[in-house]
2 protein chains.
Amino acid sequence: MADARPIFYVSDGTGITAETIGHSLLTQFNGVSFDPRRIPFVDSVEKAEAAVAEIRATGERAGCRPIVVNTVVDPDLNALLAESGALMLDLFAPFIAPLEQELGVRRESAVGHAHGMVDFAAYEQRINATNYALTHDDGIDIHYDDADVILVGVSRSGKTPTCLYLALHYGVKAANYPLTEEDLEGSGLPPRLRAHRGKLFGLTIDPQRLQQIRQERKPNSRYATMELCRREVAAAETMFRQENIPVLSTTHTSIEEIASKVLAHKGIRRSMF
Amino acid sequence: MADARPIFYVSDGTGITAETIGHSLLTQFNGVSFDPRRIPFVDSVEKAEAAVAEIRATGERAGCRPIVVNTVVDPDLNALLAESGALMLDLFAPFIAPLEQELGVRRESAVGHAHGMVDFAAYEQRINATNYALTHDDGIDIHYDDADVILVGVSRSGKTPTCLYLALHYGVKAANYPLTEEDLEGSGLPPRLRAHRGKLFGLTIDPQRLQQIRQERKPNSRYATMELCRREVAAAETMFRQENIPVLSTTHTSIEEIASKVLAHKGIRRSMF
């Protein structure tokens, strides 16, 4: 019997674009087993030939035809890759002609061009936002005047990774404020948050899931008891409701999706690049 | 004169896939000005109709036909979106037929399916790796036995964002070790790193660029002097060379690209998802 179908994400850049769309495509084919790998930075004849050899050898070992998901822009390198005998899915090709016609401009196929060379200003924005997320994690620092958004939730509800994702990808300054037992026993918003009501976004989570996460982090602590998890989540959700804070459950939501929903809700229109 | 061409990234998920590939496509058209926006989570007739209205209105305001880059899977919602009159670039459509033929399987077009529901194990791996990156940032904690990779470099050479990116995207445990003046004046590897030689990866940076970055962070400090930047970078590069540590310059390299090169060099085959 044939092994899992070999998939290659081939790119003249990082291969992230190829992998992102390729993964989305392949998950539409239920029950097929895939064996994916990346071949990034294919920007020369030598590298294209090495890629062809690898693709061919893998196909022979697996006993079935590989599939190549490809974002190499240079037509000559693409012609070389086609010699691998794989099913070639060129992610740009089908869209070039309609875009050229619509825009009345010919595309330019400089290698690497499509993958965004470093833009110092954008880079700086991302780095500054990342530093901001790091220093404003877990309520460490509280210069909330600079924040684009402040995520609020109990410990381990998903605030930190979401803040980092927002910073790294969108250059958005996201602070996070962990609701402590004291906050949850008091009434109304914690004092530090009152002046920043418009920036608040609540994260909640299923208590059982929270308990699992905390248990892994601090096994058999009071922090990880089902009772405390249930009580904290209930108190946090009551606070969000009473204070009219938008809230999202992270239990079944990926980091990408949480980030995207936070941006959409706050009306932050920021490009990923 | 017409305004910038409106671009819509429309998706039944976050829209990140659409934006990633759409951005790569459009940057191949030099000199055209685009006005991009996302319409995520289009997973119902109501939302599709609202999207159509927004696309149409924006096109009328801009005085030119919008372009829609689209990863909505459901055919009925796609048919609705087509009524917007925009140029529709459906990122999945051209590849479905060849994949169905190659795999001998029909694709399933469940909404949201293509965008990867949350996989708890993968999520946990990403979160654990992110926590690891946070606690092993800047040499704070030094449980390097667990590290998949240890980034080494002078302060502000790009270690922290790369570690966070590796964690968030690949679930890779990346620690980072900042080379101090003391380390750079000594000979050989800093003692803490000696037992982990195989995990080390060096980052370097152009001293002028480093000086700019440090100047922004701590204006007019000794830390930000051109002289210190030049001396630290030279000493770090000498150490990398003498100790045979692979090294990459971050000056003109995006975070994605650094992360991708680190993984490739260390032979870490890890899916993004």
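Each Lys and Arg contributes +1 and each Asp and Glu -1, all at the Cβ; summed about the Cα centre of region B:168-210, the dipole is approximately 380 debye. The angle separating the long axis of helix A:120-135 from the principal Cα axis of greatest extent in chain A is about 40 degrees. Selection among B:Tyr177, B:Ala133, B:Pro207 by position relative to the dipole of region B:120-266 gives B:Pro207 as farthest towards the positive end (Cβ unit charges, Cα centre). Label point of B:Ser44 (7 Å along Cα→beta-carbon): distances to the other copies' equivalent points are 5.5 nm, sorted ascending. Remark on B:Thr204: its backbone amide H falls under 5 Å from those of B:Leu248, B:Ser249, B:Thr250, a criterion applied only to residues 5 or more positions apart or on other chains, H modelled at 1.01 Å from N. Label-point distances for A:Asn220 to the equivalent site in the other copies, using a point 7 angstrom along Cα→C-beta, read 5.8 nm when ranked shortest first. Distant-in-sequence amide contacts of B:Tyr177, defined by a placed amide H-H separation under 5 Å and a gap of 5 or more residues or a different chain, comprise B:Leu151, B:Val152, B:Gly153. Ordering of B:176-189, A:214-227 by packing is B:176-189, A:214-227, highest average first (other Cβ atoms within 10 Å, averaged per residue). Here A:Ala234 yields copy-to-copy label distances, from shortest upward, of 6.7 nm, the label point defined as 7 Å from Cα along Cα to C-beta.
Rounded to the nearest 20, the Cβ-based charge dipole of chain A about its Cα centre (Lys and Arg +1, Asp and Glu -1) stands at 920 debye. For the pair B:Ala121 and A:Ala121, a Förster radius of 41 Å applied to the C-beta separation gives a FRET efficiency near 0.60, rounded to the nearest 0.05. For the residues of B:39-51, the average number of beta carbons from a partner chain within 10 Å of their own beta carbon is 1.
Overall, the accessible surface of chain A at a probe of 1.4 angstrom is composed of carbon and sulfur to the extent of 49 percent.
Computed from phi, the 3J(HN,Hα) profile of region A:69-80 under the Karplus parametrisation 6.51, -1.76, 1.60 (θ = phi - 60°) reads 9, 10, 10, 6, 8, 5, x, 5, 5, 4, 4, 4 Hz, with x in place of Gly and Pro. Between A:Phe92, A:Val72, A:Ala18, the Cα set farthest toward the positive side of the dipole of region A:5-115 (charges on each charged residue's Cβ, about the Cα centre) is that of A:Ala18.
In plain terms, the chain from A:Glu243 to A:Ser33 could stretch by 70.8 nm, reckoned as 0.36 nm per residue minus the Cα-Cα distance. For the chain pair A and B, the buried solvent-accessible surface (1.4 Å probe, both sides summed) amounts to about 8300 Å².
In order along region B:15-27, the phi-based Karplus estimate (6.51 cos²θ - 1.76 cosθ + 1.60, θ = phi - 60°) of 3J(HN,Hα) comes to x, 5, 4, 4, 5, 4, 6, x, 4, 4, 5, 6, 5 Hz; Gly and Pro are listed as x. The rotation axis bringing chain A onto chain B passes closest to the chain A residue reported with its distance as A:Pro94, 2, by C-beta distance in whole Å. Only the Cβ atoms of Lys and Arg (+1) and of Asp and Glu (-1) were treated as charged; on that basis the dipole of region B:120-266 about its Cα centre amounts to roughly 220 debye. Less than 5 angstrom separates the built amide H of B:Gly171 from none of the residues sequence-distant by 5 or more or on a different chain. With a 10 Å cut-off between alpha carbons and a GNM built on chain A, which of A:Gly158, A:Gly85, A:Gly104 moves the most? Highest fluctuation among the options: A:Gly104.
Relative to the longest principal axis of the Cα atoms of chain B, the long axis of helix B:207-217 lies at roughly 80 degrees.
Residues of region B:186-216 with an amide N closer than 20 Å to a point placed 7 Å from the Cα of B:Arg230 along the Cα-to-Cβ direction: B:204-216.
Rolling a 1.4 Å probe across the protein heavy atoms gives region B:119-259 an accessible surface of 43 Å² per residue. The mean sequence separation of alpha-carbon pairs under 8 Å and at least six residues apart, normalised by the residue count of chain B, gives a relative contact order of 14 percent.
Residue by residue along B:91-101, Cβ atoms of other protein chains within 10 Å of the local Cβ number 4 on average. With everything on Cα atoms, drop me the angle between helix B:226-242 and the longest principal axis of chain B, reported from 0 to 90° to the nearest 10. It is inclined by approximately 90 degrees. Modelled label positions at B:Arg269 and A:Asp145, each set 7 Å beyond Cα in the direction of Cβ, lie 5.3 nm from each other.
Pairs of Lys residues in chain B are counted when their Cα atoms are under 24 angstrom apart and they lie 8 or more places apart or on different chains; the count is 10.
The values are calculated or read from the model by the stated rules, or taken from the named source; none is laboratory data. In this text, all values refer to a predicted model and were calculated from it rather than measured experimentally. Cβ: placed from backbone, ideal geometry, glycine included. Neighbour counts: every protein chain shown. What goes into the accessible areas is simple: the full protein's heavy atoms, side chains included, and nothing from ligands, DNA or RNA. Shrake-Rupley method; radii C 1.70, N 1.55, O 1.52, S 1.80 Å.
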